[in-house]
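Below is one structure; the comments refer to it alone.
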Amino acid sequence: MPRVIVDVMPKPEILDPQGKAVHGALPRLGFSGVTDVRQGKRFELEVDAADEATLAEVAKIAETLLSNPVIEDFTVRVDG
């Protein structure tokens, strides 16, 4: 069965306190060279077919249920 991935991220202009907390912890843990961190969500949906109609339906699912379009952007892609 095909798998469709939906990645949801805060819009660039939205503050990301979780990402900032991770970014702040990295130097304390000995990691350097990371200039920014943004934290998001990933959803994996198994579907019957990965055709255009199904991807459009998954995009509608992402827009209405998986994300908050006011503060988040999402992408839909087929895994593999």
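The values are calculated or read from the model by the stated rules, or taken from the named source; none is laboratory data. All values reported here derive from a predicted model rather than from experimental measurement. Here Cβ is always computed from backbone atoms with ideal geometry, including for glycine, and neighbour counts include all displayed protein chains. The area values use the complete protein model at the heavy-atom level, side chains included, leaving out ligands, DNA and RNA. Shrake-Rupley method; radii C 1.70, N 1.55, O 1.52, S 1.80 Å.
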In the list Gly24, Gly33, Gly80, which residue meets the criterion of being small (Gly, Ala, Ser) and not in a loop (DSSP other than H, G, I, E, B)? Gly24
Condition first: touching a helix residue (DSSP H, G or I) at 6+ places or on another chain (Cβ under 9 Å) and either of a type in the set (Phe, Trp, Tyr) or touching a residue at least 40 places away in the same chain (Cβ under 8 Å) (or both). Now tell me which residues in region 8-49 satisfy that. Val8, Pro10, Phe31, Phe43, Leu45, Val47, Asp48
Can you tell me which residue is modelled with the lowest pLDDT among those in region 29-80 that are of a type in the set (Gly, Ala, Ser) and either open to solvent by 70 Å² or more (accessible area, probe 1.4 Å) or out of contact with any strand residue (DSSP E or B) (no Cβ under 7 Å at 6 or more places or on another chain) (or both)? Gly80
